[in-house]
Amino acid sequence: MRDNLQEWQAGLRFKLESLIKAKTFKILKGLPLLKVTPRSCKIVLRNKIHTDNTITRHKAKVIIRGFEQQYGIDY
């Protein structure tokens, strides 16, 4: 990631913007006063590679940690 920092940031920015546009993700600042409990997430970075082993793009994936949910309370 250190080699191509701007490309990784662009990939992550693209992913976050698409999630926010789809209204499935919201970045919270401070303690929210909502009736919904926020979940933490993990970011996975991966190179997409062509068959000739050249890097196509830098892909970011945002994974919500669903194991933090409690049955009957959060879902």
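The values are calculated or read from the model by the stated rules, or taken from the named source; none is laboratory data. Everything numeric in this text was worked out from a predicted model, so none of it was measured. Glycine also receives a Cβ, built like all others from the backbone with ideal geometry; neighbour counts cover every protein chain displayed.
Tabulated values for the structure
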read-out	value
Lone qualifier among 68, 7 - being at pLDDT below 85 and surrounded by 11 or more Cβ atoms within 10 Å (Cβ to Cβ)	68
Contacts under 6 angstrom Cβ, first residue in region 4-27 being without any contact (Cβ under 8 Å) to a residue 40 or more places away in the chain, partner in a helix (DSSP H, G or I) and among the hydrophobic types (A, V, I, L, M, F, W, C), 6 or more apart	25/19
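A quick yes/no check of all residues on (1) part of a loop (DSSP other than H, G, I, E, B); (2) at pLDDT 90 or above:
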site	(1), (2)
31	yes, no
34	yes, no
39	yes, no
48	no, no
52	yes, yes
56	no, no
59	no, no
